[in-house]
1. Which residue, of I235, I205, I192, is within 31 Å of the chain's Cα centre (by Cα) and without any contact (Cβ under 8 Å) to a residue 60 or more places away in the chain?
2. Among the residues of segment 341-361, which ones are within 15 Å of D276 (Cα to Cα), free of Cβ contacts under 8 Å to residues at least 40 places away in the same chain and within 34 Å of the chain's Cα centre (by Cα)?
3. Given the criterion surrounded by fewer than 24 Cβ atoms within 10 Å (Cβ to Cβ) and either touching a Cys at 6+ places or on another chain (Cβ under 6 Å) or among the hydroxyl-bearing types (S, T, Y) (or both), identify the matching residue among T435, T425, T404.
4. Say whether the condition of being assigned to a loop (DSSP other than H, G, I, E, B), buried (at least 21 other Cβ atoms within 10 Å of the Cβ) and of a type in the set (G, A, S) is met by at least one residue in segment 317-326.
5. Out of contact with any Asp or Glu (no Cβ under 9 Å at 6 or more places or on another chain), surrounded by 19 or more Cβ atoms within 10 Å (Cβ to Cβ) and closer than 21 Å to I547 by Cβ: does that describe V463?
6. Pick out the one residue from W297, W287 that is at pLDDT 95 or above and more than 26 Å from the chain's Cα centre (by Cα).
7. Please tell me if I411 is surrounded by fewer than 24 Cβ atoms within 10 Å (Cβ to Cβ), within 11 Å of ligand 1 (Cβ to nearest atom) and within 22 Å of the chain's Cα centre (by Cα).
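The values are calculated or read from the model by the stated rules, or taken from the named source; none is laboratory data. Predicted model only: the values in this text are computed from it and were never measured. All Cβ positions, even for glycine, are placed from backbone atoms using ideal geometry, and neighbour counts span all protein chains on display.
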Amino acid sequence: MAEENEETGALTDGFHLVIEALKLNDINTIYNVPGIPITDLGRMMQAEGMRVLSFRHEQNAGYAAAIAGFLTQKPGICLTVSAPGFLNGLTALAHATTNCFPMILISGSSEREIVDLQQGDYEEMDQLAIAKPLCKAAYRVLHAEDIGIGIARAIRAAVSGRPGGVYLDLPAKLLGQVMDQSAGEQSLVKVIDAAPRQLPAPDSIERALNVLKGAERPLIILGKGAAYAQADNAIRALVETSGIPYLPMSMAKGLLPDTHPQSAGAARSLVLKESDVVMLIGARLNWLLSHGKGKAWGTAPKKFVHIDIEPREMDSNVEIVAPVVGDIGSCVDALLSGMGNDWKVPPSTWTGAVKEKVDSNVARMAPRLQNNNGPMDYHGALGALRTIIKERPDAILVNEGANTLDFARSIIDMYQPRKRLDVGTWGVMGVGMGTAIAAAVETGKPVLAIEGDSAFGFSGMEVETICRYNLPVCVVVFNNGGIYRGTDENSAGDDVATTVFVKDARYDKMMEAFGGVGFNATSPNELSQAVNAAMDSGKPTLVNAVIDAEAGTESGRIGNLNPQSVVAKK
Ligand code: OXT
Ligand code: ADP
Ligand code: MG
């Protein structure tokens, strides 16, 4: 606490003001890697009752903070040292911004006077300038009396409007700056209504309802913005009252249970092609939706209704005939009340055709999920894990990889909102362990992380972190010996092919090295037993799932994005 000084009265300093400003705004969890100049800040935070989780690499701490923001609607905080630590955290900050997750990267920095004259300070870098293009806002605080306002600005910038990443630069000198304690207390700011509701204009609602009324083959697409908004009951009511089939984007799965009769998840191609009116709720028409045009969308003319908090998202790729700008909760409420009691559900020729396609795709997949082959294929292994999630619907599923991601997305049904956390808008590998750790810390729920062996390698060292904090995380590494497959060969030399890893690797031993539980599973039955035991015990566990090295395909479901050389391959 503040030191007593007989002449000037009680004093405080930058360290304490940062801590008090965060606590005043209900921010109590920090994801960090210690070092100069923030080691003592972490220690003091812990001493003041905050939860400070130390990672092995800032990128993983950053991914943890990003997903914490998605899960809680409060900015997740990642705390790093200067230059290299800051840069390690920056990928996650950019990822948070890209995915519209609220996060604040707080980094210590070197002496401004030396940095600006480029005189070679310890870890010298103009961090503010570097962060700026990669986040929503970037601030630097130079005076202790501005810490309160700086943190308030960072919080509001992260969560208001379209959420995103914010950078906050805290020079080393600032932390040690001293000021009068009561003036310090008065300088702190409690952010009131950090993400104010944004009501849609009534005429935009009327316009949207008119477009929907004229539809013969309407479709709702729910994106992760809808999951973030935590307007779960209203969204469900809108879908059910409208009678419109809906397609969940990956992280919106479970907003309504995937087994819901209106889910068109298993008829994706059909509904994109055949629909005539599409209402997007918290989903962008980016690459994941083929930009709203082209082959995936068929030749039938489309009209788009778009609900989003960010006005500039409208017409980003195609014309939006009914833009509805506002927060999803308010927009969905307004649409619902505008529908009234005499809303006409879509023709059964449309809903029946969608249902028929869903049923036939589900039935076609079902027998493949039953196989008990060893080594496992994706369907057998994921069939076993699908049952586990069905029986434990409140567990959180973390998922990354290529084939491991794409097969898991369509095979594993989700039943509750915000339970599926994955690679997001960039398809980034490496989010796995940070995401799993934050999911366990923020929700207290058991976590099942289904990881390609390549994907896992990006953050694998964090199994030590999982063991250190004894988190209820079960990691299943889909070990097919490589990126996409383990079978590529290099015909030109002794090095193995670029996509291939050490054969018969035992990732389970990594977890054992830190006191967790390791299993090697060679069949779906073994996998099921091992994962059930892990989920029952809540002990940190890693299951090495031996997958047929030939089972995957290049880049999973997005192989079409690979450029093709015009010169034949050797
Ligand atoms: O309707 P149709 O007939 O089309 O059928 C669809 C659905 O209707 C149907 N379906 C169902 N059928 C039956 N039952 C049910 N329940 C059901 N549900 C759905 O199934 C099909 C498919 O449905 P889906 O998936 O919804 O539809 P589709 O067409 O695939 O959707 C399109 C997309 C684009 C929305 C979707 O594919 C998608 O979301 N894709 C995301 C892809 C992605 O992000 N991939 C990750 C990146 S790949 C690559 O970049 C990798 N790298 C490079 C790298 C990266 N990424 N990052 C960094 C930091 N460095 C490098 C690397 C290194 S992946 C990778 C590692 C890979 O190796 P691993 O070892 O980790 O993994 P393995 O591959 O396993 O070895
Ligand atoms: P997905 O990848 O699932 O399709 P995207 O990340 O592309 O989802 O889209 C999420 C969208 O949700 C963003 O355009 C973002 O502005 C929007 N969004 C996030 N939170 C809210 C909210 N509370 N109200 C309205 N829109 C939101
Ligand atoms: Mg693999």
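1. Selected residue: I192, the only one of I235, I205, I192 that is within 31 Å of the chain's Cα centre (by Cα) and without any contact (Cβ under 8 Å) to a residue 60 or more places away in the chain.
2. The answer is none; no residue qualifies.
3. Testing whether each residue is surrounded by fewer than 24 Cβ atoms within 10 Å (Cβ to Cβ) and either touching a Cys at 6+ places or on another chain (Cβ under 6 Å) or among the hydroxyl-bearing types (S, T, Y) (or both) leaves just T425.
4. Yes, segment 317-326 has at least one match.
5. Values: out of contact with any Asp or Glu (no Cβ under 9 Å at 6 or more places or on another chain): yes; surrounded by 19 or more Cβ atoms within 10 Å (Cβ to Cβ): yes; closer than 21 Å to I547 by Cβ: yes.
Here the answer is yes, as V463 does meet what is asked.
6. On inspection, the qualifying residue turns out to be W297.
7. Numbers: surrounded by fewer than 24 Cβ atoms within 10 Å (Cβ to Cβ): yes; within 11 Å of ligand 1 (Cβ to nearest atom): yes; within 22 Å of the chain's Cα centre (by Cα): yes.
For I411, the condition - surrounded by fewer than 24 Cβ atoms within 10 Å (Cβ to Cβ), within 11 Å of ligand 1 (Cβ to nearest atom) and within 22 Å of the chain's Cα centre (by Cα) - is met.
Residues are listed down the side, and each one gets a yes or a no for (1) within 16 Å of F55 (Cα to Cα); (2) within 16 Å of ligand 1 (Cβ to nearest atom):
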position	(1), (2)
G434	yes, yes
I437	yes, no
E442	yes, no
K445	no, no
I450	no, yes
F458	yes, yes
C467	yes, no
L471	yes, no
